[in-house]
6 protein chains.
Amino acid sequence: MAKLPISSFTVPRLKDLPKDVRARIKLVQEKTGFVPNVFLALARRPDEFRAFFAYYDALITRESGLSKAEKEMIVVATSAVNQCTYCVVAHGALLRIFSGNPLLGDQVAINHRSADLSPRERAMLDAAMKLAREPQRFGEADVLALLEHGFTREDVWDIGAITAFFALSNRMAHLCAMRPNDEFYAIGRRARTRRG
Amino acid sequence: MAKLPISSFTVPRLKDLPKDVRARIKLVQEKTGFVPNVFLALARRPDEFRAFFAYYDALITRESGLSKAEKEMIVVATSAVNQCTYCVVAHGALLRIFSGNPLLGDQVAINHRSADLSPRERAMLDAAMKLAREPQRFGEADVLALLEHGFTREDVWDIGAITAFFALSNRMAHLCAMRPNDEFYAIGRRARTRRG
Amino acid sequence: MAKLPISSFTVPRLKDLPKDVRARIKLVQEKTGFVPNVFLALARRPDEFRAFFAYYDALITRESGLSKAEKEMIVVATSAVNQCTYCVVAHGALLRIFSGNPLLGDQVAINHRSADLSPRERAMLDAAMKLAREPQRFGEADVLALLEHGFTREDVWDIGAITAFFALSNRMAHLCAMRPNDEFYAIGRRARTRRG
Amino acid sequence: MAKLPISSFTVPRLKDLPKDVRARIKLVQEKTGFVPNVFLALARRPDEFRAFFAYYDALITRESGLSKAEKEMIVVATSAVNQCTYCVVAHGALLRIFSGNPLLGDQVAINHRSADLSPRERAMLDAAMKLAREPQRFGEADVLALLEHGFTREDVWDIGAITAFFALSNRMAHLCAMRPNDEFYAIGRRARTRRG
Amino acid sequence: MAKLPISSFTVPRLKDLPKDVRARIKLVQEKTGFVPNVFLALARRPDEFRAFFAYYDALITRESGLSKAEKEMIVVATSAVNQCTYCVVAHGALLRIFSGNPLLGDQVAINHRSADLSPRERAMLDAAMKLAREPQRFGEADVLALLEHGFTREDVWDIGAITAFFALSNRMAHLCAMRPNDEFYAIGRRARTRRG
Amino acid sequence: MAKLPISSFTVPRLKDLPKDVRARIKLVQEKTGFVPNVFLALARRPDEFRAFFAYYDALITRESGLSKAEKEMIVVATSAVNQCTYCVVAHGALLRIFSGNPLLGDQVAINHRSADLSPRERAMLDAAMKLAREPQRFGEADVLALLEHGFTREDVWDIGAITAFFALSNRMAHLCAMRPNDEFYAIGRRARTRRG
C-alpha cells in the first residue's frame, strides 16, 4: 500500500506561513526532531492554528495538579473512544515517555480497565471516558467521585477540559484524515524510570 | 424549584479579571444587553478563556462561505446530540435571529430531518451530525457529498471545524453544569426577514 | 424554504368527517383558538381517531394524582427521546402553560437532568425515560424508586401509561411526518404563576 | 420456581367490572377458550381498557389490505425488539394460527431476516422495525420502499399504526410485568394450511 | 415461501466425509432421531468440525457444577442477544427437555429478566449476558457477584466459557445462514418433571 | 503500579500438566522464545486447551487462501472491537511480523478505516467487523461484496471463522483477565520486507 498523505486538505508550504506560525513549527521541530503532522495540517488556517495551540498550551503545556503522564493518559483513552489514529499514536508516544512505561500507551488505548493503573488513575479515566462518550450524563456525582480519590476541583476542571479539547482535536483529525508521523510509533518503547 | 447557579465551579468577580478578559465581557454585554453565562463560567481560567474565544472568533465571527444562519444550524443540531442545554438555548436564539425564522431553533434542536431546511442545509447537517456522533466513520465520501451540494472544500472545513469546536464547548458546559441565561429563551420568537 | 404540509398522508375536509369527529375538532378549536394538526392528521381514520382521543382523555384530561404540569413533563421528555417534533413543540407549549414557567418546556426537551426540577420530578422523568428507551429493563426496582419519592402505585401506572401512549403517539407523528402548528412555538413564553 | 403473577398491579375481580368490560372479556373467553391476561391486567382502568381495545379493533380486528398473518408478523417482530414476553408469546401463537406455519412465530421473534418470508413480507418488517427502533429516522423513503413492494398508502398506514400501537402495548406489559397465559406457548404448533 | 437450505455454503455428502466425522454424525442421529443441521453445515471442514465438537463436549457434554438445564439457559439467552435462529431454536428445545418446563425456552429467549427463574439463575444469566454483549466491561466484580450466589470459581469459568463458545457458534451460524431443523421447534412442548 | 497477574484464575504448574499439553507449550516456547500467557491461562482445563488450539491450528496455522498477514489483520481488528488487550497486543505483534510493516498493528487496532490497507484488505475487515459487532445483520450481501474483491467462498469461510473464533477467544481473555506478555509490545517494531 502506498502511504496516505498527511491530510486530505491542502497543506501550505512553510515559507508561505505567517512568521509566528512558522516560529512555532520550528520550535517543535527542534525539540522533537521532526514536525508532528498536526502542525502542518492545521497551519492552513493561521487563526485557528493559533487558537488551537494556545488552548493546547493552556491545558497541556502549563504546569498543573495533574502530572504530564496523567494528562497523556486522558488524551490516549478518550482519543481511542473516537478511534483517532493521529491522537492515539502521537500521544501514546508521549505517554510512554512521561510514564517511563513502554507498555502503557497501548494498554490505555486498548482498554483502560485492564491497564496497569492505580485506583486514582482508573477513576480519572472513568470520569474522562464518561465526558467523552456521554457528556449529557456527566454531573456532580462524577465530580465527587474524583474528589474522593484526592483530586482537587481544579484537577477536575483539568480532566474535563483536556477531555473536551481532544473531543475537538479528534474531530479535526478525522475531518482532514490527519496521518500520524511514522516516528511516533517507535518512540519510548524501551523501559525507563517514570518521570511524568 | 430554586434556580440552579451559572456554573458548578467558582465564578470570578469581574473586577478580579485581567483587563483584556474584562474588556471582552464588556463588549459582549454592550452588544447583547446582558453577559452570556459562558463568559462568566470560563473566565476563571483566563488563558483558556482567551483561547476559547479566539477559536470562536476564527470560526464563527469571521466571515466565510457559510452564512451566519448556517453556522448556527450546525451549532444547534450538534449540541442537541450532546443534550447541551446551554448551547442549544443560546445558539437557538442566534439561529432564530440570523435566519429570521422564529421556528427554526426548536425545529433543528428537536429533529433536523423534519425541519424546514433546503436540501443543501439538510446535507450540511447530515455531515455535521456524523462528525459529532461517529467521527471515526467520517471520511472522503462525506466530503464529496457536501461538494455535490455546492459547498467548497473551505466550506467543508468550516462545517467540520465548527462541529469540532462545539464538541469541546458542549463538554465544557456539561463539566461545569453551565446554565443558559433566561434571556436567551425568548429572543427572536417573532417573525422577521431572514438576514443571516 | 417552503413549509412542509400538515401530514404526508391525505388530510380529509372537515365537512366529510363523521359528526362526532367534527364535534371534537370544533371543541378543541374553540378552546385553543386553532385546530392542532394532530386532529386533522388522524381524522382520516375515524375509528382510530376516536380510540386515540379516548385514550388521551383517560390519561391526560382525567384528573389524577399527577398534576397537569407533571403529565406534560413526561410527554415532553419522552417525546424528545424519539425526536418527535410535533409532540415536543405542542406539549412544550402545554408544559409552559401548566407550570407557569416559560423555560421549562425547552429545558425538559433538551436535557431533563439539567432542568429546574425537584428531586421528585427528576425521579418521575428518570423512570419515564427508562420505560421509553429500554422498556425491557423496566421493573419492580423502578416502581419502588418512585414510591420512595411519594408517588402512589396509581401514580406509577399513570407515569407508565402516559409514557406508553406517547410511544404510540410519537410513532404516528413520524409515520405521517406530522407538522406542529406554528402557533405552539410562541405559547406560554411569558412568566406566569404556576397553576398546573 | 413459583410462577410469577399475571400482573404486578392489582387485578380486579370480574364481578366488580363494568358491564361492557365484563362482556368483552366473556366474548374473548368464549372465542379463545381462556381469558388472555392482557384483558385482566388492563381492566383495572376501564376507560383505558375501552380505549385500548377500541384501538386494537380498529387496527387488528378490522379487515384491511394486510392479511391477518401479516399483521401478526408486525406485532411479533416489533415486540421482540422490546423483549416483550407477553406480546411475543401471545401473538406468536396467533401468527402460527393465521399463517398455518408452526415455525413462523419463533422465526420472526428471533430474527426476521432469516425467517421464511417473501421479499414483500421482509420489506414490511424492515419498515416496521425501523419505526419501532428509530422512529426519528423513518421517512418518505421508507414509505416509497413499501409502495415498490405493492403496498398501498393505506397499507403503509396500517403497518405504521400497528407498530405504533404495540410500542404502547409492549410498554404497558413491561409496566405491570404482564405474564402471558401458559396456553399460548403450545397453540398452533402443528402444521396447517395457511388461512391468514 | 420455499424453505431456505441448511446452509448457504456447500454441504458435503455423508459418504464423502472422514470416518470419525461420519461416526459422530451417526451417533447423534441415533440419539436424537435426526441429524441436527449444525453437524452437516460444519462437516465441510473436518478439522474445524473436530475442534468445534471437542470444545462442545468439554463444556456441554462433560459433567460439571452446572446442571444441564443451567447450561442450556446460558446458550439460549446469549444466542438470543445475537439473534441466532439456529442456536435459540435448537437449544431452546434442549432447555425445555432438561428443565422439564415447556415454557422456559421461549421465556429465556425473549427476556431472561421476566422468565420463571431463581435469583441464582437470574444472576448466572446477568453475568453471561454481560460477557456476551460487552465483554470489555466484564471483570472481577462480576465474578464476585456469582460467588455470592453460591457458584464456585469453576462454575464461573463454565458460565464464561459456554458464553464464549456460543459467541463463536452464533457467528458460524450467521456466516453460513444455518437453518435449524424443523423438528426442534416442537420438542419438549409438553410439561414433564425437571431432570436437568 | 504492581503488574497484574497472568490470569485471575489459578494457573497450573507446567509439571502438573498432561504430557501433550506440556509438549505443546514447550514447542511454542522454543519457537517464540517465551510462553505466551494464553497457553498458561487455558492449561487449567486440558480438554478445553486441546480444543482451543486444535481450532486455532485449523484456522490460523493451516495454509489457506488468506495470507498470514491477512489473518492477523482480522484478529487485531475484531479483537479491538471487544477491547481485548491480550489479543490486540499479541496479534498486533504477529501482524507486524507477517506484514513486515511496523505500523500496521497499531493502525488496524485503532481504526482500520484509516490504516494503510488495499481496497481488498479494507473490504475483508469491513465484513469481519460486521460479523464481530452485529452478526445478526451479516448475510449473503456481505459474502457477495467479498467475492467481488476476488475472495473465494472458501476465503469467506476463513474470514468468518477466524472472526468467530476470536469472538470466543476475546471473551475467554476477559473472563480470566488474561495479561499479554510484556515481550509482545516490542516485537516487530522495525521495518522489514513483507513476507506474510
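The values are calculated or read from the model by the stated rules, or taken from the named source; none is laboratory data. Quantities reported herein were computed from a predicted structural model and do not represent experimental measurements. Cβ coordinates were reconstructed from backbone atoms using ideal geometry, including for glycine residues, and neighbour counts include every protein chain displayed. The area values use the complete protein model at the heavy-atom level, side chains included, leaving out ligands, DNA and RNA. Shrake-Rupley method; radii C 1.70, N 1.55, O 1.52, S 1.80 Å.
The table for this structure:
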{"item": "Criterion violated by F:Leu14 - all others in (1) in contact with a Lys or Arg (Cβ under 8 Å, 6 or more places away or on another chain); (2) closer than 28 Å to F:Gly160 by Cβ; (3) not small (Gly, Ala, Ser) satisfied", "result": "(2)"}
{"item": "Residue in the stretch E:7-23 that is farthest from the other protein chains (Cβ to nearest Cβ), counting only those that are assigned to a loop (DSSP other than H, G, I, E, B) and among the aliphatic types (A, V, I, L, M)", "result": "E:Leu17"}
{"item": "Scope the stretch D:131-140; condition facing chain C (nearest Cβ under 10 Å), part of a helix (DSSP H, G or I) and surrounded by fewer than 16 Cβ atoms within 10 Å (Cβ to Cβ); matching residues", "result": "D:Arg137, D:Glu140"}
{"item": "Selection count where residues are among the hydrophobic types (A, V, I, L, M, F, W, C) and part of a helix (DSSP H, G or I), scope the stretch F:165-196", "result": "9"}
{"item": "Sole exception among (1) away from chain B (no Cβ under 11 Å); (2) on the phi < 0 side of the Ramachandran plot for A:Gly33, by number", "result": "(2)"}
{"item": "Where F:Leu4 falls short, out of the listed (1) modelled with pLDDT of 95 or more; (2) open to solvent by 80 Å² or more (accessible area, probe 1.4 Å); (3) within 13 Å of chain E (Cβ to nearest Cβ)", "result": "(1)"}
{"item": "Unmet criterion (only one of (1) free of Cβ contacts under 8 Å to residues at least 60 places away in the same chain; (2) closer than 26 Å to D:Ala177 by Cα) for D:Arg62", "result": "(2)"}
{"item": "Residue within the stretch B:141-164 that is in a helix (DSSP H, G or I), open to solvent by 10 Å² or more (accessible area, probe 1.4 Å), basic (Lys, Arg) and modelled with pLDDT of 95 or more present", "result": "yes"}
{"item": "Conditions (1) touching a Pro at 6+ places or on another chain (Cβ under 7 Å); (2) within 9 Å of another protein chain (Cβ to nearest Cβ): number failed by C:Tyr55", "result": "(1)"}
{"item": "Candidate set: the stretch B:147-169, residues that are more than 20 Å from B:Lys68 (Cβ to Cβ) and at the interface with another protein chain (Cβ under 7 Å from one of its Cβ atoms); chosen: the one farthest from the chain's Cα centre (by Cα)", "result": "B:Arg153"}
{"item": "Looking only at the stretch D:110-130, and only at residues there that are open to solvent by 20 Å² or more (accessible area, probe 1.4 Å) and facing another protein chain (nearest Cβ under 7 Å), the one that is nearest to the chain's Cα centre (by Cα)", "result": "D:Ile110"}
{"item": "Condition met for F:Asp116 (assigned to a helix (DSSP H, G or I) and free of Cβ contacts under 8 Å to residues at least 24 places away in the same chain)", "result": "no"}
{"item": "Residue that is least open to solvent (accessible area, probe 1.4 Å), among those in the stretch B:29-56 that are basic (Lys, Arg) and part of a helix (DSSP H, G or I)", "result": "B:Arg50"}
{"item": "Flag for F:Lys26 being surrounded by fewer than 17 Cβ atoms within 10 Å (Cβ to Cβ), more than 9 Å from every other protein chain (Cβ to nearest Cβ), over 18 Å from the mean Cα position of the chain (by Cα) and in a helix (DSSP H, G or I)", "result": "yes"}
{"item": "Conditions (1) open to solvent by 10 Å² or more (accessible area, probe 1.4 Å); (2) of a type in the set (A, V, I, L, M); (3) more than 9 Å from chain A (Cβ to nearest Cβ); (4) more than 16 Å from the chain's Cα centre (by Cα); number of the one not met by B:Ala177", "result": "(3)"}
{"item": "Tally, over the stretch F:64-81, of residues that are more than 12 Å from chain E (Cβ to nearest Cβ) and either basic (Lys, Arg) or open to solvent by 30 Å² or more (accessible area, probe 1.4 Å) (or both)", "result": "4"}
{"item": "Total residues in the stretch B:7-23, condition open to solvent by 80 Å² or more (accessible area, probe 1.4 Å) and of a type in the set (Asp, Glu)", "result": "1"}
{"item": "The stretch D:111-153, residues that are acidic (Asp, Glu) and touching a helix residue (DSSP H, G or I) at 6+ places or on another chain (Cβ under 7 Å)", "result": "D:Asp116, D:Glu121, D:Asp142"}
{"item": "Qualifying residue in the stretch D:82-105 (condition: assigned to a helix (DSSP H, G or I), facing another protein chain (nearest Cβ under 9 Å), open to solvent by 20 Å² or more (accessible area, probe 1.4 Å) and free of Cβ contacts under 8 Å to residues at least 60 places away in the same chain)", "result": "no"}
{"item": "So F:Met172, is it in contact (Cβ under 8 Å) with a residue 12 or more places away in the chain, open to solvent by less than 30 Å² (accessible area, probe 1.4 Å), touching a Ser or Thr at 6+ places or on another chain (Cβ under 6 Å) and among the aliphatic types (A, V, I, L, M)", "result": "no"}
